[in-house]
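Engineer: One structure, as structure tokens, below. Some questions next.
The values are calculated or read from the model by the stated rules, or taken from the named source; none is laboratory data. This is a predicted model, so every value here is computed, not measured. As a convention, Cβ positions derive from the backbone with ideal geometry for all residues, glycine included, and neighbour counts pool all protein chains shown.
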């Protein structure tokens, strides 16, 4: 059964479009990629994501995706992660979500 949350709780989640500047394999981990993402801030953010088995790193460079940007930083295999990319499905149905056209990095989803 899905857990219901209030609108107030949902409104605390900040989702922004980010442009992937680089994507690298983390050698010590089978599933992880280290993404450097531009959100239109002073400096790009590092985000560690378990999408390696589904995408080629070079295929997502310069692409835009929605990310949760207000998560507490988390250490993943010795790498600090400052956000989370949105994805759907698994195995044969896995896909990353992406806007239909480019928007300025940091554009908030509403």
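Engineer: Being out of contact with any strand residue (DSSP E or B) (no Cβ under 7 Å at 6 or more places or on another chain) and over 16 Å from residue 21 (Cα atoms) is the filter here; which residues of the stretch 53-99 pass it?
Structural biologist: Result: 53, 54, 70, 72, 75, 77, 78, 90, 91, 92, 93.
Engineer: Any residue at all in the stretch 79-87 that's touching a residue at least 60 places away in the same chain (Cβ under 8 Å), within 29 Å of residue 9 (Cβ to Cβ) and not in a strand (DSSP E or B)?
Structural biologist: Within the stretch 79-87, one or more residues are touching a residue at least 60 places away in the same chain (Cβ under 8 Å), within 29 Å of residue 9 (Cβ to Cβ) and not in a strand (DSSP E or B).
Listed here are the residues, each with its yes/no results for (1) buried (at least 16 other Cβ atoms within 10 Å of the Cβ); (2) touching a residue at least 24 places away in the same chain (Cβ under 8 Å); (3) part of a loop (DSSP other than H, G, I, E, B); (4) on the phi > 0 side of the Ramachandran plot.
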{"site": "40", "(1), (2), (3), (4)": "no, yes, yes, yes"}
{"site": "51", "(1), (2), (3), (4)": "yes, yes, yes, no"}
{"site": "72", "(1), (2), (3), (4)": "no, no, yes, no"}
{"site": "98", "(1), (2), (3), (4)": "no, yes, yes, no"}
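Engineer: Tell me which of these residue 46 doesn't satisfy, since it passes every other one: (1) crowded, with 16+ Cβ neighbours inside 10 Å; (2) part of a loop (DSSP other than H, G, I, E, B).
Structural biologist: (2)
Engineer: Moving to a separate point now. Can you tell me which residues in the stretch 9-38 are more than 22 Å from residue 99 (Cα to Cα), at pLDDT 95 or above and not in a loop (DSSP other than H, G, I, E, B)?
Structural biologist: Once the filter is applied, which keeps residues that are more than 22 Å from residue 99 (Cα to Cα), at pLDDT 95 or above and not in a loop (DSSP other than H, G, I, E, B), the stretch 9-38 yields 24, 25.
Engineer: Need the failing condition index for residue 67 against (1) more than 15 Å from the chain's Cα centre (by Cα); (2) surrounded by 13 or more Cβ atoms within 10 Å (Cβ to Cβ); (3) not in a loop (DSSP other than H, G, I, E, B), just the number.
Structural biologist: (1)
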